[in-house]
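Below is one structure, written out as structure tokens; comments come after it.
Coordinate-derived values only; no laboratory data. What you see is a predicted model; the values in this text were computed from it and never measured. We place every Cβ from the backbone using ideal geometry, glycine too, and count neighbours over all the protein chains shown.
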Amino acid sequence: LVDVAPDSIAKAPFIPVFTDTYILSADRFGLAVRPGALCVLLPSVSAYVGADIVAGILACGMEVENGKNRLLIDIGTNGEIALAAGGRLYACSTAAGPAFEGANIRQGMSAVAGAIDHVSVRDDDLSYTWIGQGGSFAPSPRGLCGSAILDTVRVMIEQRLLLFSGRMVTGVPGPLGERVVDADGQPAFVVVKGDGDPPAGSVLLRQEDIREIQNAKAAIAAGIATLLSVAGLQPGEVDEIYLAGGFGNYLDPDSAIAIGLLPRAFAGRIRAAGNTSGVGASMCLLSTQALERAEEIARRTEYIELSADPGFSDRYIDEMVFPDLDDIGG
């Protein structure tokens, strides 16, 4: 539609054909809007830090120096992270995989009706809520979305049912310990107890799922640590942390810290920023000044290639383990 061949983005070194702003007629894209309407393609920073992050930086006002160090984290299959510090903008992208979106988790699902969204401990046993609960056509819980996955792992760590290595612990007495069962030859934690024998309607978090979560959280945590290292900052020096997107909007920051996804020093500084990409895009459509700011952001942002950073691999390996109870106040 833009009359450029995208081949280069699909093969190493993955160079985008263009990163500049494109303003085209909406008719060209088959968009049924009013005559003369325009379609604006916002600028990007690199192949892996696209217009969505540029729009997110704009929506959070991070390009405006205010004396604070600010971090924007958009967690998806690629975890994109942007940092504003000392009058400079940095950004990186890390391959987190889709575990926090519910994919590659045996009973994971997106945040739709029937998805368990929060898990906690109440009266010495497990408590959970799910999307659509209590509605006129209330579905039964049938899987775990990203926020519930984080909560469940946190519960297991705090109840000593999950070692720092990621191995589940069996044989622990009590209602929560009894939820660690054998399923298909591997340990699994029962979130929802099914009915019958074998039980139907159970929702489990399996040992293989834990490995997926470890990979995802290590990628994000190592990306954050690398970006801060490049800027010469410690986690405690970050004043504001914005969590973007649907997952960031619903996760419990305490759970993210408890499993090691985010540094402990971020506690009390985290805020859900919502759909920052959509807000930033709307700003650009409504204001030429906002579009000019987006172009400035794309020009100023320094892209950090994690695969070329000598410390990233070591940080990734270090972040594969879960925090000890002492690290999460347990």
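So which trypsin sites (Lys or Arg not before Pro) in the stretch 174-229 end up in coil per DSSP with only 14 or fewer other C-beta atoms within 10 Å?
Those satisfying the criteria are Lys193.
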Measuring from label point to label point, each 7 Å out along Cα→Cβ, what is the Ala267 to Asp7 span in nm?
-> 5.5 nm
Against the longest principal axis of the chain, how steep is helix 288-300, in degrees 0 to 90 to the nearest 10, with axes from Cα atoms?
-> 70 degrees
Rounded to the nearest 10 degrees, the helix 207-231 long axis (Cα) sits at an angle to the longest Cα principal axis of the chain of 40 degrees
Rounded to two decimals, what is Rg over Rh for the stretch 1-119 when you use alpha-carbon atoms and the Kirkwood radius?
-> 1.04
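When the helix-only estimate is applied to the chain (DSSP H runs of n ≥ 4, each -39,500 (n - 2.57), divided by the residue count), what is the mean residue ellipticity at 222 nm, nearest 500 deg cm²/dmol?
Numbers: 8 runs with 91 residues, N = 330.
Counting only the DSSP helices, I get -8500 deg cm²/dmol.
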Which entry is the computed mean projected area of the Cα convex hull in nm² for this structure: (1) 17.1; (2) 18.9; (3) 20.1?
-> (3)
Candidates Pro199, Pro141, Pro235: whichever shows maximal mean-square fluctuation once the chain is modelled as a Gaussian network with Cα springs under 10 Å | Pro199
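Just need the relative contact order of the stretch 1-102 here, percent rounded to a whole number, with Cα pairs under 8 Å and 6+ apart.
Details: 144 pairs, mean separation 16.5, N = 102.
Worked out over the stretch 1-102, it gives 16 percent.
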Against the longest alpha carbon principal axis of the chain, how many degrees, from 0 to 90 and to the nearest 10, is the axis of helix 276-286 turned?
-> 20 degrees
Length gain on complete extension for the stretch Leu41 to Asp318, per 0.36 nm per residue less the alpha carbon to alpha carbon distance?
-> 95.8 nm
Please give the FRET efficiency for Glu292 paired with Thr77, using the beta carbon to beta carbon distance and R0 = 45 Å, rounded to the nearest 0.05.
-> 0.90
Principal axis box of the stretch 120-262, alpha-carbon based, largest edge first, Å | 57, 40, 27
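Please say if the stretch 104-182 is rounded, prolate or oblate, where rounded means a/c under 1.5 for a ≥ b ≥ c the square roots of the C-alpha gyration tensor eigenvalues, and otherwise the choice is prolate for a/b larger than b/c and oblate otherwise? The partial results should precede the final answer.
Working: a/c = 2.42, a/b = 1.70, b/c = 1.42.
The shape class here is prolate.
Of all DSSP beta bridges in the chain, what percent run antiparallel (nearest 5)?
On the way: 33 of 47 bridges.
Given both bridge residues lie in the chain, the antiparallel proportion sits at roughly 70 percent.
If we count every other residue with Cβ under 15 angstrom of Ala188's Cβ, Lys/Arg +1 and Asp/Glu -1, where does the sum land? Please report the intermediate quantities before stating the final value.
Details: positive: Arg106, Arg167, Arg179, Lys193, Arg206, Arg211; negative: Glu178, Asp182, Asp184, Glu208, Asp209, Glu212.
Neighbourhood net charge equals 0.
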Please give the peptides 167-173, 317-323, 65-71, 77-83 ranked by average Cβ packing (other Cβ atoms within 10 Å per residue), highest first, as a rough proxy for protection.
-> 77-83, 317-323, 65-71, 167-173
For the stretch 189-230 and the stretch 115-152, distance of Cα centres in Å | 15 Å
Scan around Leu38 for amide H atoms under 5 Å from its own, H built in the peptide plane at 1.01 Å from N, and keep only partners 5 or more places away or cross-chain.
-> Ala26
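With an 8 Å Cα cut-off and a minimum separation of 6 or more residues, compute the relative contact order for the stretch 203-330 in percent. Each step should come with its number before you reach the end.
Working: 109 pairs, mean separation 46.2, N = 128.
It rounds to 36 percent for the stretch 203-330.
At a 10 angstrom cut-off on C-beta neighbours, averaged per residue, how do the peptides 153-166, 302-315, 91-104 rank from highest to lowest? List each step's numbers first, then the result.
Working: 153-166: 19.4, 302-315: 14.4, 91-104: 21.6.
Final packing ranking: 91-104, 153-166, 302-315.
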